[in-house]
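Asker: Okay, here's the structure, questions in a sec.
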Amino acid sequence: MTASLRFVPRILSGIQPSGSVHLGNYLGALRNWVSEQHEADCYYSIVDLHAITAEHDPRTLRDTTKELATVLFAIGIDPEVSCLFVQSHVPEHAQLGWIMESTVTFGELSRMTQFKDKGKGEEKVRASLFTYPALMAADILLYRADKVPVGDDQRQHIELARNAATRFNNAYGQVFTIPEPMIPKVGARVMDLQNPSKKMSKSSSTDSGLIYLSEDSTSIAKKIKRAVTDTENRLVYEPDNPDKAGVTNLLEIYSAFTSIHPQEVADSFTNYGGLKTELAELVIEHLTAINLRIKEISEDPNELLRLLQIGAAKAREVASSTLYDAKNAIGFLAP
Ligand code: AMP
Ligand code: TRP
């Protein structure tokens, strides 16, 4: 067979180190990070600079950053294949962030719906929450990423990054690649087990609707058993029926782990109890393997830091070269 030249796209994505990783993060985003490693040249960032745009506790931030890195390696991010790094270890982000703040306008930033949502009702909104999309544009553009896997809520930020890159290139010369968003199709949304009309989210008021990746088996089984369904005991897959939101969520989680269509899953059970028991077994089986890896990695904190240093060095190689080009294009005198 003749070797064929294949274009390998570059992917960049980021996740904030705020709170523990739950099943929604895993099935909706992080699991794809793992599978994309073999399709693309992947750069994944734990975006701690973004995590200080809202009130935070320094010690918690350090702990959640380590925890997130541990989980990412535990689910299968392979440091030999992909580049996983902590954003603050790569100072080029903050530097290009400033250049991006000088590329986008106040009007553009004012139209960002996430800023309006997160800033609403808050007494002291940090200035960085407002300029955050300029930093996010820098995160992406530094790596000349072709594709950016994100949830639908980030679509507007990617659009801003595209506009900023185009504007910069037109004004100062071709430096940046125009990135495309990669937004998963519906189905990758995991709902709260106690309130199935809402997304499973770390900002939920109770813990009983969330399953964390580091949770123990007894607790997982209990939460799934107590998951809210409905009083009909009619096991059908009706994704558009709000009265069936609870059972739809359970069927879709089952489907996400097995790749069996939710309709087929519904057909293979006669009652909610049976579905819940098997779903709990399935989730426990998957998370037990991840948990073992989490424990192994946690036993050697120096190894974790070593892997992150390797990631940062690899990221800096790419980021510093792009930053150099951007500084040169914009007219900064080389030192
Ligand atoms: P967050 O922790 O909300 O910043 O989300 C981190 C990543 O996980 C983003 O890509 C989200 O789109 C994804 N995510 C968060 N919650 C869910 C959920 N309940 N279902 C599916 N994906 C989710
Ligand atoms: N803003 C993203 C979120 O809140 C996180 C993020 C920061 C990101 N920089 C990024 C995502 C670059 C993709 C690419 O989820």
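Asker: Among the residues that make up the range 177-186, is at least one of them of a type in the set (Ser, Thr, Tyr) and without any contact (Cβ under 8 Å) to a residue 12 or more places away in the chain? Walk me through it before giving the result.
Answerer: So the first thing to find is which residues in the range 177-186 are of a type in the set (Ser, Thr, Tyr), and the list is 177.
Add one more test, that the residue is without any contact (Cβ under 8 Å) to a residue 12 or more places away in the chain, and what stays is none.
Looking through the range 177-186, none of the residues is of a type in the set (Ser, Thr, Tyr) and without any contact (Cβ under 8 Å) to a residue 12 or more places away in the chain.
Asker: Looking at the range 217-230, which of the residues that are out of contact with any strand residue (DSSP E or B) (no Cβ under 9 Å at 6 or more places or on another chain) and free of Cβ contacts under 8 Å to residues at least 12 places away in the same chain is nearest to ligand 1 (Cβ to nearest atom)?
Answerer: Among them, the one singled out is Lys222.
Asker: Further question on the same structure: Phe73 - would you say it is surrounded by 17 or more Cβ atoms within 10 Å (Cβ to Cβ), of a type in the set (A, V, I, L, M, F, W, C) and more than 15 Å from ligand 1 (Cβ to nearest atom)?
Answerer: yes
Asker: Could you tell me which of the residues Val86, Val21 is within 15 Å of ligand 1 (Cβ to nearest atom) and either assigned by TED's automatic domain parsing to the domain that holds Ser320 or touching a Gly at 6+ places or on another chain (Cβ under 9 Å) (or both)? Talk me through it step by step, then tell me what you get.
Answerer: Values: Val86 fails: within 15 Å of ligand 1 (Cβ to nearest atom).
Among Val86, Val21, only Val21 is within 15 Å of ligand 1 (Cβ to nearest atom) and either assigned by TED's automatic domain parsing to the domain that holds Ser320 or touching a Gly at 6+ places or on another chain (Cβ under 9 Å) (or both).
Asker: Residues being surrounded by fewer than 21 Cβ atoms within 10 Å (Cβ to Cβ), assigned to a helix (DSSP H, G or I) and not hydroxyl-bearing (Ser, Thr, Tyr): count how many of those fall in the range 76-91.
Answerer: Keep residues of the range 76-91 that are surrounded by fewer than 21 Cβ atoms within 10 Å (Cβ to Cβ), which gives 76, 78-81, 88-89, 91.
Filter once more, so that each one left must be assigned to a helix (DSSP H, G or I): 88-89.
Right, trim to not hydroxyl-bearing (Ser, Thr, Tyr) and you get 89.
Count: 1.
Asker: Scan the range 37-46 and give yes if some residue there is on the phi > 0 side of the Ramachandran plot and either open to solvent by less than 70 Å² (accessible area, probe 1.4 Å) or assigned to a loop (DSSP other than H, G, I, E, B) (or both), otherwise no. Lay out the reasoning, then the answer.
Answerer: Within the range 37-46, the subset on the phi > 0 side of the Ramachandran plot is none.
No - not one qualifying residue is present in the range 37-46.
Asker: Only one of these conditions is not met by Arg10: (1) out of contact with any helix residue (DSSP H, G or I) (no Cβ under 6 Å at 6 or more places or on another chain); (2) surrounded by 15 or more Cβ atoms within 10 Å (Cβ to Cβ); (3) within 29 Å of Glu299 (Cβ to Cβ); (4) of a type in the set (D, E, K, R). Which number is it?
Answerer: (3)
Asker: Residues being in contact with a strand residue (DSSP E or B) (Cβ under 7 Å, 6 or more places away or on another chain) and either farther than 19 Å from Lys225 by Cα or assigned to a strand (DSSP E or B) (or both): count how many of those fall in the range 188-210.
Answerer: The qualifying residues number 4.
Asker: Which of the residues that make up the range 250-293 are more than 21 Å from Asn233 (Cα to Cα), of a type in the set (D, E, K, R) and in contact with a helix residue (DSSP H, G or I) (Cβ under 6 Å, 6 or more places away or on another chain)?
Answerer: Passing the criteria: only Arg293.
Asker: Turning to a different aspect of this structure: I'm checking my understanding of the structure. Among residues of the range 102-116 that are open to solvent by 80 Å² or more (accessible area, probe 1.4 Å) and in a helix (DSSP H, G or I), which one is nearest to ligand 1 (Cβ to nearest atom)? Show your work before the answer.
Answerer: So in the range 102-116, the residues open to solvent by 80 Å² or more (accessible area, probe 1.4 Å) come out as 106, 111, 116.
Filter once more, keeping what is in a helix (DSSP H, G or I): 106, 116.
Details: Phe106: 25, Lys116: 17 Å.
By that ranking, first place goes to Lys116.
Asker: While we're here: Return the pairs, sorted by first residue and then second, in which the second residue is open to solvent by 20 Å² or more (accessible area, probe 1.4 Å) and assigned to a helix (DSSP H, G or I), the first residue lies in the range 235-252 and is in contact (Cβ under 8 Å) with a residue 24 or more places away in the chain and within 12 Å of Pro196 (Cα to Cα), the beta carbons are less than 7 Å apart, and the residues are 6+ apart or on different chains.
Answerer: Leu250/Lys276
Asker: Identify all residues within the range 19-35 that are surrounded by 19 or more Cβ atoms within 10 Å (Cβ to Cβ) and assigned to a helix (DSSP H, G or I); write none if there are none.
Answerer: Within the range 19-35, the first condition is being surrounded by 19 or more Cβ atoms within 10 Å (Cβ to Cβ), and the residues that meet it are 21-28, 30, 33.
Across the range 19-35, the qualifying residues are Leu23, Gly24, Asn25, Tyr26, Leu27, Gly28, Leu30, Trp33.
Asker: Could you list, in sequence order, all residues of the range 117-145 that are crowded, with 23+ Cβ neighbours inside 10 Å and either within 13 Å of Ala54 (Cβ to Cβ) or outside the structural domain of Ser88 (by TED's automatic domain parsing) (or both)?
Answerer: Answer for the range 117-145, where residues must be crowded, with 23+ Cβ neighbours inside 10 Å and either within 13 Å of Ala54 (Cβ to Cβ) or outside the structural domain of Ser88 (by TED's automatic domain parsing) (or both): just Tyr132.
Asker: Any idea which residue in the range 146-170 is least open to solvent (accessible area, probe 1.4 Å), counting only those that are free of Cβ contacts under 8 Å to residues at least 24 places away in the same chain and more than 12 Å from ligand 2 (Cβ to nearest atom)? Full working, then the answer.
Answerer: Taking the range 146-170 first, the residues free of Cβ contacts under 8 Å to residues at least 24 places away in the same chain are 158-159, 162, 166, 169-170.
If we keep only those that are more than 12 Å from ligand 2 (Cβ to nearest atom) too, we end up with 159, 162, 166, 169-170.
On the way: Glu159: 91, Arg162: 63, Thr166: 57, Asn169: 11, Asn170: 121 Å².
The selected residue is Asn169.
Asker: Also, quick follow-up: Only one of these is away from ligand 1 (no atom under 13 Å from the Cβ) and at pLDDT 95 or above: Val34, Val47. Name it.
Answerer: Working: Val47 fails: away from ligand 1 (no atom under 13 Å from the Cβ).
Every option except Val34 fails the conditions.
The values are calculated or read from the model by the stated rules, or taken from the named source; none is laboratory data. Just so it is clear, the model here is predicted, and its values are computed rather than measured. Heads up, the Cβs are rebuilt from the backbone with ideal geometry, glycines too, and the neighbour counts pull from every protein chain shown. Note: accessible area is taken over every heavy atom of the protein model, side chains too, but ligands, DNA and RNA are not part of it. Shrake-Rupley method; radii C 1.70, N 1.55, O 1.52, S 1.80 Å.
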